[in-house]
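The values are calculated or read from the model by the stated rules, or taken from the named source; none is laboratory data. These figures come from a predicted structure and were not determined experimentally. Reconstructed Cβ throughout: ideal geometry from the backbone, glycine too, with neighbour counts over all protein chains shown.
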Amino acid sequence: MIAGDPRLLLLGAGVADPKGIFGTTLGAREAAPGRVLETPLSENMLTGALAGLALVGWRPVLVHARSEFALLGMSHIVDTLAKWKWLHCEPMPVTLRLLVGRGWGQGPTHSQSFHAWFASVTGLRTLYPSTPDAYDEALAIITKADAPTILIESRRLHEADMTRLAFDAMGSPDVALAPVGDSLLDALDAAAMLAAHGVRASVWPIWDLQNPWCAFEVGAESVTAPYLAAGIPVVITESVPAMLCLTAQCGFPPGRNVSVMCANPAPLGSAPQIEARWYPTAIQIASAAWAMVSRQAPPEFRHRATEVFHGPF
Amino acid sequence: MYLEDKQAGITCFAIVGHCISVAAGYAWGLQISGLQKVAGPVAVAWLGDSAPETGQFWESLNLAATHSLPLLIVIEDNGYATQTPLAQRQPGAPLERRLLHNVSSVSVADDRNGVENVWAGAREARAAAEIGPAALIVRTYRYCAHVGMEDDGAWGYRPQAEIDAARKRDPVEALATSVTVEARGTIEAEVDAEIQNVFNWAEARARMERVTNPLS
């Protein structure tokens, strides 16, 4: 990607080290070593520096290995970058790429995603792709954008088996599952469990937070979410306790059959036993979906959780 | 708060400390683009005396010093942040000493408002910044309140005698004594005409807006 756009810059703590942000920046460093820049640990300054780099003509991407680090630059994100195009009548084509941790003891301060928070800031585009198709689309957006983009990425998905996404798309399912971020994996497990009990569940990951109902159905080419008009019940799932903001923003009409599954609204503990009780599980998602389509008691769903992220950090 | 002149390369920020980060990024961009050179462009951040109390001030200098970026910081020290005096906000060691680890050159115009002194310091600092971060500290004074044109001598946070003493050493008045009465008259007429032109332009623009905006 960096070789195809001579204006792209990749910067951040760790982007040019031998590990290269879990291997994701190693290719860029090989292709354009002069444009992959190691930085001091000065998140606030670096967020403001993005504006200066853009004014010289660069299209910088600042990488934070955990999304929490971006909070140190929140004032610049909200008041310098997001407002630039409107205050100064010129483009501000910068991107913050934020990784969300889960598993291997991430604990309360390395596991949060603030997509609902960013999505509420005027002037920002907030993208949280969880499938390769959506990630491709997100990269295409940031190379053309003239306003800041927040690109959120789940560390848990790096090691996930994406061949699981290749199941057949459904034309008219009984229920739609709309996962945000890495809860895609749990939604896929839930869909498989529901299918075993005769309930057709399609999976529509939400990835464009300003336009959440425009999605790629897993296994299909389509980029619309017909369940919205068709009245199909929807289960929104995500791995953080922030869903209220998103549902409010979606503008679902009152009375629509929508269920929300999100994480426990308390800071996450580091121990795996606590983590297991904090995130919504595939069984909970399947049970919520079952309750929307059947008056019968839910079957005994069986699922053995497989943690795909084995660390380190 | 949002003064801007794109042709002159000037923009403004409404939050204290923000401009130095953006200027550091601009200086970094100049260097990466291969534009840093002697007599080449430099990024200049204009700051008040409270900017060194923010984290990003020192973060920016750390970046600029690490890469020898073409960055000039100009600190206009008027002794007060809104109504809070410097002694309540910063340690006793003067800023020029605290800066020495981060910039290669510090110029100080310390005579409260001497125009020629500031000009000489600015030339020196500008040249130094071409090869690495440099600072110009200008010690000055604010006659009126932090916001607006209000006379705040009765507010109790600074002595009226301090304001009166500064007014007696007004830099424009001092500069005016260095030219003839005729020359001063010519300069003042030119400045008055320029100000009037701006008013005329703004009023004409406002009339045009009323014609073209159906909501007004």
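Does A:LEU81 satisfy being away from chain B (no Cβ under 11 Å), out of contact with any Phe, Trp or Tyr (no Cβ under 6 Å at 6 or more places or on another chain) and modelled with pLDDT of 95 or more?
no
With respect to B:VAL118, determine if the residue is among the aliphatic types (A, V, I, L, M), more than 14 Å from every other protein chain (Cβ to nearest Cβ) and part of a strand (DSSP E or B).
Taking the combined requirement at face value, the residue does not satisfy it.
Just need a number here: residues in the range A:37-46 that are part of a helix (DSSP H, G or I) and at the interface with another protein chain (Cβ under 7 Å from one of its Cβ atoms).
The number of residues fulfilling the criteria is 2.
Among the listed residues A:THR109, A:THR143, A:THR122, which satisfies the condition of being assigned by TED's automatic domain parsing to the domain that holds A:LEU8, within 18 Å of A:PRO212 (Cβ to Cβ), modelled with pLDDT of 90 or more and of a type in the set (Ser, Thr, Tyr)?
A:THR122
Just one of (1) at positive phi; (2) not in a loop (DSSP other than H, G, I, E, B) trips up B:LEU72, so point out which.
(1)
Any idea which residue in the range B:43-101 is surrounded by the fewest Cβ atoms within 10 Å (Cβ to Cβ), counting only those that are within 29 Å of B:CYS144 (Cα to Cα) and among the β-branched types (Val, Ile, Thr)?
So, considering only residues that are within 29 Å of B:CYS144 (Cα to Cα) and among the β-branched types (Val, Ile, Thr), the one surrounded by the fewest Cβ atoms within 10 Å (Cβ to Cβ) is B:THR82.
Go through the range A:59-78 and give me each residue that's in a loop (DSSP other than H, G, I, E, B) and either within 11 Å of chain B (Cβ to nearest Cβ) or of a type in the set (A, V, I, L, M) (or both).
Hit for the range A:59-78 is A:ALA65, nothing else.
Specify which of the listed residues (B:GLU188, B:GLU173) is under 17 Å from B:ARG142 (Cβ atoms) and in a helix (DSSP H, G or I).
The conditions single out B:GLU173.
Taking the conditions exactly as written (loosely packed, with under 10 Cβ neighbours inside 10 Å, over 27 Å from B:GLU76 (Cα atoms) and among the charged types (D, E, K, R)), does B:GLU182 satisfy them or not?
In short, yes.
Could you list, in sequence order, the residues of the range A:48-58 that are facing chain B (nearest Cβ under 7 Å), touching a residue at least 40 places away in the same chain (Cβ under 8 Å) and closer than 10 Å to B:VAL22 by Cβ?
Matches in the range A:48-58: A:LEU50, A:ALA51, A:LEU53.
So that you can scan it fast, the table gives a plain yes or no per residue for (1) surrounded by fewer than 18 Cβ atoms within 10 Å (Cβ to Cβ); (2) of a type in the set (A, V, I, L, M); (3) within 18 Å of the chain's Cα centre (by Cα):
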position: A:THR80; (1), (2), (3): no, no, no
position: A:PRO91; (1), (2), (3): yes, no, no
position: A:GLY103; (1), (2), (3): no, no, yes
position: A:SER111; (1), (2), (3): no, no, yes
position: A:ALA119; (1), (2), (3): no, yes, yes
position: A:ALA134; (1), (2), (3): no, yes, yes
position: A:HIS158; (1), (2), (3): yes, no, yes
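For the subset of the range B:76-102 comprising residues that are of a type in the set (D, E, K, R) and in a strand (DSSP E or B), which member is farthest from the chain's Cα centre (by Cα)?
So, considering only residues that are of a type in the set (D, E, K, R) and in a strand (DSSP E or B), the one farthest from the chain's Cα centre (by Cα) is B:ASP77.
Consider A:GLU221 carefully, then state whether it is under 25 Å from A:ILE150 (Cα atoms), modelled with pLDDT under 90 and buried (at least 21 other Cβ atoms within 10 Å of the Cβ).
No, not satisfied.
One line per residue, one yes/no per condition, for (1) part of a helix (DSSP H, G or I); (2) more than 11 Å from chain A (Cβ to nearest Cβ):
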position: B:MET1; (1), (2): no, no
position: B:LEU30; (1), (2): yes, no
position: B:LYS37; (1), (2): no, yes
position: B:ALA45; (1), (2): no, no
position: B:PRO52; (1), (2): yes, yes
position: B:GLU59; (1), (2): yes, no
position: B:LEU63; (1), (2): yes, no
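Among the residues of the range B:148-171, which ones are aliphatic (A, V, I, L, M) and without any contact (Cβ under 8 Å) to a residue 40 or more places away in the chain?
Hits for the range B:148-171 are B:MET149, B:ALA154, B:ALA161, B:ILE163, B:ALA165.
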